[in-house]
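Read through the structure below, which is laid out as structure tokens, and then see the notes.
The values are calculated or read from the model by the stated rules, or taken from the named source; none is laboratory data. Source: prediction; values computed, not measured. In this analysis, Cβ positions are derived from the backbone assuming ideal geometry, glycine residues included, and neighbour counts consider all displayed protein chains.
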Amino acid sequence: MQSKVRILAVVATLVFSLSVDAGAGTISMAWDPVELATGYRAYYGTVSGQYENFVDVGNATVAVISGLDDCRTYFVSVKAYNSHGESSLYSTEITGWSRPVIDSQATVALQGNQLVLDVQGANFDGLAEIVVDTSALPFGAEGAPLVTVDSIVVIACDRIQALVTVEPSAMGFQATPLGLLPIGLHLQNPDGVFNTGSIQLDVQFNPVRADLNRRYQRTVDRVDGDDLASLARAWASRLGEEAFEFDCDMDGDTDVDGDDLALLATVFGKCRSGSTWSVEACL
């Protein structure tokens, strides 16, 4: 008696990743092996039960279907085969979008600013669960985070938006260190497929921090000798020492040194008009 393919044992599921090739425009899937089968074909299409294409994966029980359109629902099913032919029945149908992808990018943020951060990518479901990894972001001397990420939502299938606050928002508080800071993202769509990515927050010096002496009205929004004298009083001090002042530690490294002097020099002799610092604004 000749053996026939039995397809009833095929149970297909969407999975996170099966190979290094599983990226944008892909659906990864796996299924249980079928006794006597020598190969499998994964059928897929954009209408339930109507499969326009298939991928023959041989005797593997995993498949990565690639070249799919973003933000579009696909329906996938599997058939087993052997030397006697292909099974007449499909496996249970699975459905979902192709794998979400988070584009790597760098966003500029000034110390003390709040900004709306746009994250680009593909296949973001409006009901996706998004987890923000802030473990690599800096904390202040008192244990409070210097960078916070709030109100993160999916705006469109290719865009996530988040509210990012870079401390300090007032004088007298520790500055966020300058440079690139990673913000990790983990996004999982309702179909269970997920992906991770990261954004680089490029923290840059805020010139307003060089306005150290604001004791009198004439010294506000002006960087001059009064501010240089304030820096001199805290010169060469470190966090925890009596002379140390957070305002004078403009680069946020907990030392008042030549790096802070260099930052002050970029604004020295200038005044603020709106968001711009210039020599002309002092006239």
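Being surrounded by 14 or more Cβ atoms within 10 Å (Cβ to Cβ) and more than 26 Å from ASN206 (Cα to Cα) is a condition met by at least one residue of the range 101-117. Taking residues in the range 233-255 that are under 11 Å from ALA175 (Cα atoms), and partners anywhere that are among the hydroxyl-bearing types (Ser, Thr, Tyr) and surrounded by 14 or more Cβ atoms within 10 Å (Cβ to Cβ), the pairs with Cβ atoms closer than 6 Å and at least 6 places apart or on different chains are GLY252/THR176. Counting just the residues of the range 232-276 that are touching a strand residue (DSSP E or B) at 6+ places or on another chain (Cβ under 7 Å) and among the hydrophobic types (A, V, I, L, M, F, W, C), which one comes out surrounded by the most Cβ atoms within 10 Å (Cβ to Cβ)? For the range 232-276, the residue satisfying everything is VAL267.
Listed conditions (1) at positive phi; (2) at pLDDT 95 or above; (3) under 36 Å from the mean Cα position of the chain (by Cα) are all met by CYS248, apart from (1). Scanning the range 159-181 for residues being surrounded by fewer than 17 Cβ atoms within 10 Å (Cβ to Cβ) and over 17 Å from ASP249 (Cα atoms) gives a total of 4.
Does any residue of the range 191-208 turn out to be acidic (Asp, Glu), within 32 Å of the chain's Cα centre (by Cα) and farther than 30 Å from GLY121 by Cα? So that I can check it myself, show each step before the final result.
First, the residues of the range 191-208 that are acidic (Asp, Glu): 191, 202.
Remaining after also requiring within 32 Å of the chain's Cα centre (by Cα): 191, 202.
When the remaining residues are screened for being farther than 30 Å from GLY121 by Cα, the result is none.
Taking every residue of the range 191-208 in turn, none turns out to be acidic (Asp, Glu), within 32 Å of the chain's Cα centre (by Cα) and farther than 30 Å from GLY121 by Cα.
Restricting to the range 215-226, name every residue that is surrounded by 14 or more Cβ atoms within 10 Å (Cβ to Cβ), on the phi < 0 side of the Ramachandran plot and within 38 Å of the chain's Cα centre (by Cα).
ARG222, VAL223
Residue pairs whose Cβ atoms lie under 7 Å apart, separated by 6 or more positions or on different chains, with the first residue in the range 31-48 and of a type in the set (Val, Ile, Thr) and the second assigned to a strand (DSSP E or B), are VAL34/ALA80; THR38/TYR81; THR38/ASN82; THR46/TYR74; VAL47/PHE75.
Just a yes or no: is a residue in the range 209-226 part of a helix (DSSP H, G or I) and of a type in the set (Gly, Ala, Ser)? Yes. Which residues, counting only those in the range 147-206, are part of a loop (DSSP other than H, G, I, E, B) and of a type in the set (Asp, Glu)? If the condition is that a residue be part of a loop (DSSP other than H, G, I, E, B) and of a type in the set (Asp, Glu), then ASP158, GLU167, ASP191 are the ones that fit.
From the residues in the range 78-92 that are in a loop (DSSP other than H, G, I, E, B) and touching a strand residue (DSSP E or B) at 6+ places or on another chain (Cβ under 7 Å), which one is farthest from LEU36 (Cα to Cα)?
Here is the first cut: in the range 78-92, the ones in a loop (DSSP other than H, G, I, E, B) are 83-84, 87-92.
Of the ones still in play, those that are also touching a strand residue (DSSP E or B) at 6+ places or on another chain (Cβ under 7 Å) are 87, 90-92.
On the way: SER87: 12, TYR90: 16, SER91: 16, THR92: 19 Å.
Of everything passing the filter in the range 78-92, THR92 is farthest from LEU36 (Cα to Cα).
Considering each residue of the range 55-68 in turn, at least one proves to be at positive phi, touching a residue at least 12 places away in the same chain (Cβ under 8 Å) and out of contact with any His (no Cβ under 8 Å at 6 or more places or on another chain).
For the range 44-60, the criterion of a residue being within 20 Å of ALA122 (Cβ to Cβ), surrounded by 15 or more Cβ atoms within 10 Å (Cβ to Cβ) and modelled with pLDDT under 90 is satisfied by no position.
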